[in-house]
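Below is one structure, written out as structure tokens; comments come after it.
The values are calculated or read from the model by the stated rules, or taken from the named source; none is laboratory data. This structure is a prediction, so every number in the text was calculated from the model and none was measured. Here Cβ is always computed from backbone atoms with ideal geometry, including for glycine, and neighbour counts include all displayed protein chains. All accessible areas refer to the heavy atoms of the entire protein, side chains included, with ligands and DNA or RNA removed. Shrake-Rupley method; radii C 1.70, N 1.55, O 1.52, S 1.80 Å.
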Amino acid sequence: MQENIVLTPQEVADMLKIAKNTVYEIIKRGELNSYRVGKKVRVDLKDVEDYKNKTKSIKTNNNDNTSPQNIIFYDDISPLSGFVICGQDILLDILSRHLQMHSDGMQSMRSYIGSYNGLFELYHGKVQIATTHLWDGETGIYNIPYVKRLLPGVSTIIIHLASRLQGFYVPKGNPKNLKNWNDLKRKDITIINREKGSGTRILLDEHLKILNIDSSKIKGYNREITSHLAIASSISRGGADIGIGIESSASQVKGVDFIPLQTEDLDIVIKKSDAKKLPYKTILNILNSKEFKMEVEGIEGYDTNNLGKIIAET
């Protein structure tokens, strides 16, 4: 069940990767429901999700280098033609913009489904590029075991995008003194969770399995939110004692501390049969370009040391 979280216009802008002024314009046009609390505009998370699901494209006119320009957002996966980059990270929005601006580039579509479902859609040919950060508890390896399982009989190339820190979001000051995964055994904490299929949800479930923790005994386990930022916002408002997400989102929300737990690999997956086709070759060139790396390095919370490196072939 998704919790009804209340967001500020800036938080909506961060979720949609657009400027805050664009959020006000969308509200003014009647495309996104909102309401006022005193003089402040507020938006329910469920209304943002409804807006994303019914909107085929969003165009922004701001100059924010981290915002996509004229990128098609493709949230309802269907057999429509087009070049679809799948994944939820802001780096993919930047990649889409660089692809469009490249001399050999093209306009891409963006799907914001999670890692597990992204690989599933790549297998079925509904997306052309999937991004994944799936940790395998048995091997301690990111992504490769899942790619082999979810794309059986398909030769793939796995390209490193960045490394990020995953950890706990807790209220400022960490009042419950939460430190590690074992604290999820405690009876005095309430969690807020990510949706099934997301890399963060699978990370949690793998650790629960290792520690033999029954998820049904964890308060709030079935409350789902579909972004790191919304999780952090909920924690800051007292919606739960603990959430799980990446470091960069915690830094955007006041009233939240971040407890680092492990470094994860965020990788791009393509089919090997596509690797020599122009869009894919262009993307590899972009990933290894100084311009792309410089822009990504300006975003807090990402390690780009092996950006663009082919780490595995399956």
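Here are the numbers:
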| quantity | calculated |
| --- | --- |
| For the chain, size of Cβ-based charge dipole, Lys and Arg +1, Asp and Glu -1, in debye | 520 |
| Table column - 3J(HN,Hα) (Hz), the stretch 187-192, Karplus curve with 6.51, -1.76, 1.60, x for Gly and Pro | 8, 9, 10, 10, 9, 10 |
| Long-range amide H partners of VAL256 with built H, under 5 Å | LYS172 |
| Residues of type lysines that LYS172 reaches as a straight line, Cα spacing below 22 Å, ignoring anything fewer than 8 places off in the same chain | LYS185, LYS187, LYS219, LYS254 |
| Per residue Cα convex hull volume in Å³ - calculated over the stretch 167-314 | 131 |
| Angstrom value of the Kirkwood radius, inverse mean 1/r, which spans all Cα pairs in the stretch 187-247 | 11.7 |
| ASP183 - accessible surface, heavy atoms, 1.4 Å probe, Å² rounded to 10 | 20 |
| Gain upon complete extension [SER251, LYS293; 0.36 nm per residue less C-alpha separation] | 13.0 nm |
| Solvent-accessible surface (1.4 angstrom probe) belonging to LYS272, in square angstrom, nearest 10 | 100 |
| Qualifying aspartates and glutamates (Cα of each under 12 Å from Cα of LYS179; at least 8 residues distant if same chain) | ASP257 |
| √(5λ) per eigenvalue of the Cα gyration tensor, the stretch 73-218, largest first, Å | 33, 18, 14 |
| Accessible surface of the chain [probe 1.4 Å, protein heavy atoms]: carbon and sulfur percent | 48 |
| Per-bin percent of Cα-Cα distances, the chain [20 Å] | 32, 59, 8 |
| Quotient of C-alpha Rg and 2.2 N^0.38 Å, computed over the stretch 1-48 | 1.06 |
| Dipole of the chain, positive direction: furthest Cα of GLN88, PRO260, ILE18, with charges on the beta-carbon | ILE18 |
| J(HN,Hα) series, the stretch 195-204, from Karplus relation 6.51 cos²θ - 1.76 cosθ + 1.60, nearest Hz, glycine and proline x | 6, 4, x, 6, x, 5, 5, 5, 4, 4 |
| Heavy-atom surface of the chain, accessible at 1.4 Å and reported per residue (Å²) | 46 |
| Distance in nm between pseudo-label sites at ASP274 and ARG29 (7 Å out along the Cβ direction from Cα) | 2.9 |
| Label zone at VAL37, where the point sits 7 Å out along the Cα-to-Cβ direction: the stretch 229-254 residues whose backbone N lies under 13 Å | 233-239 |
| Hull volume in cubic angstrom per residue (convex hull over the Cα atoms of the stretch 205-279) | 158 |
| For the stretch 100-170: relative contact order, % (alpha-carbon pairs under 8 angstrom, 6 or more apart) | 21 |
| Equivalent ellipsoid, the stretch 255-314 (semi-axes from 5 times Cα gyration tensor eigenvalues, Å) | 27, 16, 9 |
| DSSP-defined antiparallel bridges as percent of all bridges, the chain, nearest 5 | 70 |
